[in-house]
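Take a look at the structure set out below.
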Amino acid sequence: MNPITSRFENLKQLEHGEFDVLVIGGGIVGSGVARDAALRGLRTALVDRHDFAFGTSSRSSRLLHGGLRYLEQGRIGLVREASLEKRVLRDIAPHLGDPLGFVFPAYRPEGRPLWQLRIGVKLYDLLCSFRNFGASRGYSAAEIRQLIPGLNPVGLRGAVRYFDALTNDARLVLDTLRSANAAGALVSNYTRFISTQRKADFWVVRVRDERDGREFETRARTIVNATGPWAQGLAHSGVALRLSKGIHIVVDRARLPITDAVVITEGKRILFVIPWGERLIIGTTDTDYRGDPESVETDVEDIAYVLKALNSAFPTLQLQENEIISTWAGLRPLIANPDGSPSDISRAHQILSPEPAWWDVAGGKLTTYRLMAEQTVDKLLEFLRRPATRCRTAREPILAAADTRFSGILPAPFSSESVSHFVNQEWALTLTDVMVRRSGWHYYHPDAAIRACQVAQWMSEVAGWSAERTTSELADYHRLVRNRPQKTAAPER
Ligand SMILES: Cc1cc2nc3c(=O)[nH]c(=O)nc-3n(C[C@H](O)[C@H](O)[C@H](O)COP(=O)(O)OP(=O)(O)OC[C@H]3O[C@@H](n4cnc5c(N)ncnc54)[C@H](O)[C@@H]3O)c2cc1C
C-alpha cells in the first residue's frame with residue numbers, strides 16, 4: 001500500500017491529471033466510491049468543497065443498523081440489505097462497530113403491542129441470517145424496570161432487546177478515504193467542483209481551491225456526483241431530493257447511567273438514547289427542510305421536541321436545556337416523494353445516469369454506503385469497457401490509524417501526538433477540522449472552547465501557523481461554539 005499523500009501533492013496531480021473517474025463529494029458515499037474505484041484499478045480523484053465528512057456523514061445517529069422501524073413499513077428488502085451490510089462493515093472496520101443492545105419498551109393503551117415487537121425483533125435477527133451481533137429477547141415489565149431504572153412505569157407491559165452497532169460516522173469517512181488514498185486515489189478537501197463540459201471522451205472540469213481561491217482544470221472520463229444534500233444543485237444532475245432535517249443532543253451519561261441504548265417514542269416516531277462513553281447521544285428529529293444545505297442548524301423547537309420525548313420516557317429525569325453539552329443537525333438526502341411524512345419516505349438509494357459518463361448516487365444510509373459504492377463502480381467499469389473486476393471492499397479491511405489512539409468510536413486522547421497525526425496523516429487544515437471531525441472533542445467535552453486554545457497552539461507548531469492565523473482559527477472555532485446551547489459549568493469528567 002502507498003503511504004498517505006499530502007493535500008498539496010494531491011492538488012498538484014489533480015491539476016495536471018487525467019482520471020477515469022472524478023468523484024464529487026467526500027462524505028461516506030463519495031469516499032466509498034473512491035476506495036472501490038481505486039481498488040479496482042481506476043485512476044481516481046475525489047474533491048470536497050468543505051472538509052471531508054462536513055455534510056450529513058458527520059451528523060448522523062452513528063448507528064450501523066438494519067433499521068428495525070422499516071419492518072413496520074413492510075420494507076423487508078431494505079432491512080435485509082442494511083442488516084447484511086452492518087455485518088460486513090463490522091468485519092472490515094471492527095474498530096468502528098461496537099455491538100450495542102437496544103431496549104424497546106412496550107406501553108398500553110398506546111404504543112406498539114409487545115407481541116408485535118417480539119415478532120419484529122425475531123424477524124430482524126432472521127434478516128441478518130441469524131448473524132446479528134446478539135440474539136434478541138423479550139422482558140417482562142418487572143425485568144425491564146430493573147434493567148433500565150427510571151423508565152416510565154405507567155402502562156409498561158414489557159420490552160424487547162435487539163442488537164445493532166455504534167460507529168463513528170466522520171471517522172468511517174476518514175478511514176475509508178485513507179484506504180482510498182493508500183489504494184491510489186487522489187483526495188482533496190476544500191476543493192470545489194464548479195462546472196464541467198464534455199469534450200470528446202473527457203469531461204473538462206473546473207475546480208476551485210477554496211483555501212486560496214485559485215481555479216484550475218482537470219480531466220476525467222466519468223463523473224460521480226456524491227454530494228448528498230447538495231446533489232440536486234449541480235449542473236448535469238438528474239436527481240430530485242426531499243431533504244429531511246434531524247438533530248441530536250449530547251448530555252452527561254451520569255444523569256442516566258444506562259448501558260444499553262433505549263428506544264423512546266414521541267407519537268408514532270421513535271428516538272434513540274445511545275450511550276457514548278461518558279455521554280449520551282439523544283435523537284433524532286425528522287422534519288422537512290427547504291433551506292440551503294450549507295446552513296442547517298439545531299433550533300430551539302428541535303431541542304424542545306427531543307427533551308420532551310426524553311423526559312416523558314424518564315419522568316424523574318427532568319433534563320434541562322442548560323445541561324446539553326453539544327448538538328448537531330444534519331440533512332437526510334432522501335429520494336423525492338412528495339407524499340407522506342419524511343419518516344415514511346424510503347431510505348433506499350438511487351444510482352442515476354441522466355447523461356452519458358455522469359452518475360448521481362443519492363439516498364441510502366451510512367450503513368449501506370459500501371454497497372452503493374460497489375454498484376456504482378460496477379456501472380463505471382461497464383461504461384469504460386473495463387473487465388468486470390471483482391469488488392474487494394466487502395473483504396479487505398479498512399485502514400485504521402496505525403495507532404488506535406487516533407481512530408475509534410470515542411474521541412481520540414487529547415494530545416499533541418493526535419493533533420500532529422490529524423494534520424500530517426488525515427488532511428486536517430483548520431482548527432475546526434480537528435475539533436469537530438478528526439477528534440470529536442467538540443461534541444464530547446463541555447470545555448471544548450478552552451481545549452481549543454491548546455489545540456490551536458499544537459496546530460500552530462505542527463502546521464507552522466503565524467500568530468494571526470492562530471488567532472483567526474480560534475475566532476472561527478469559537479463562533480461555532482457560540483452557536484451551541486449554553487451549558488452551565490459542570491465538573492470535567
Ligand atoms: C439525523 C440523521 C441521522 C442519521 N443516522 C444514520 C444512522 O444512524 N445510520 C445510518 O446508516 N445512516 C444514518 N443517516 C443517513 C446517513 O448519514 C446519510 O445517508 C449519509 O451520511 C449521506 O452521505 P453522503 O456522502 O451522501 O452525503 P454527505 O455526507 O452530505 O456528503 C456530501 C459531500 O459533498 C460535498 N459537496 C457538496 N457540493 C460540492 C461541490 N460543488 N464540490 C465538491 N464537494 C461538494 C459536501 O461538502 C459534503 O461533504 C442519518 C442521517 C441523518 C440526517
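Remark: the chain carries a charge dipole of roughly 1280 debye about the Cα centre, counting +1 on each Lys and Arg Cβ and -1 on each Asp and Glu Cβ. Between residue 235 and residue 154, full extension at 0.36 nm per residue minus the direct alpha carbon distance yields a gain of 23.7 nm. Helix 300-313 and the long axis of the chain differ in direction by around 40°, with both axes built from C-alpha atoms. Inter-label distance, residue 395 to residue 288: 4.8 nm, where each label sits 7 Å from its Cα along the C-beta direction.
Which order do the peptides 464-476, 179-191 take when ranked by the mean count of other beta-carbon atoms within 10 Å per residue, highest first?
The peptides rank, most packed first, as 179-191, 464-476.
Rounded to the nearest 20 debye, the dipole size of region 10-102 about its Cα centre is 260 debye, using +1 on the Cβ of Lys and Arg and -1 on the Cβ of Asp and Glu. Distance between the 7 Å Cα→Cβ label points at residue 404 and residue 471: 4.4 nm. When the chain is described by a simple charge dipole with +1 on each Lys and Arg Cβ and -1 on each Asp and Glu Cβ, the residue from 166, 250, 277 located farthest towards its positive end is 166.
All other residues whose Cβ lies under 15 angstrom from that of residue 457 are scored, Lys and Arg at +1 and Asp and Glu at -1, for a net of -2.
The phi-based Karplus calculation (6.51 cos²θ - 1.76 cosθ + 1.60; θ = phi - 60°) puts the 3J(HN,Hα) values of region 218-232 at 9, 10, 8, 6, 9, 10, 10, 8, 10, 9, x, x, 8, 4, 7 Hz, whole numbers, x for Gly and Pro. When every Cα-Cα distance of the chain is counted in 10 angstrom steps from zero, the calculated P(r) takes the values 4, 20, 30, 27, 14, 5, 1, 0 percent.
Which is farthest toward the positive dipole end of the chain among 431, 380, 463, measuring Cα position about the Cα centre, with Cβ charges +1 (Lys, Arg) and -1 (Asp, Glu)? Of the options given, the answer is 380.
Measuring between their Cα centroids, region 417-458 and region 278-336 lie 24 Å from each other.
Note on residue 116 and residue 300: the extension gain reaches 62.8 nm, defined as 0.36 nm multiplied by sequence separation minus the Cα-Cα distance.
Between residue 337 and residue 482, the modelled label-to-label distance comes to 4.3 nm, taking each label 7 Å out from Cα in the direction of the beta carbon.
Nearest 20 debye, what's the magnitude of the dipole of region 394-472 about its Cα centre given +1 on Lys and Arg Cβ and -1 on Asp and Glu Cβ? Please report the intermediate quantities before stating the final value.
On the way: 6 positive and 8 negative charges, 32 e Å.
The calculation lands at about 160 debye.
Region 215-235 and region 345-384 have their alpha-carbon centroids 14 Å apart.
Please identify every one of the trypsin sites (Lys or Arg not before Pro) in region 296-395 that sits in a loop by DSSP and has no more than 15 other beta carbons within 10 Å of its own beta carbon. Walk me through the numbers on the way to the answer.
Values: sites: 308, 347, 365, 370, 379, 385, 390, 392, 395; in loops: 347, 365, 385, 390, 392, 395.
Here the sparse-neighbourhood loop sites are 385, 390, 392, 395.
We did not get these values from a lab; they are worked out from the coordinates using the rules stated. This is a predicted model, so every value here is computed, not measured. No Cβ is skipped: glycine too gets one built from the backbone with ideal geometry, and neighbour counts run over all protein chains shown.
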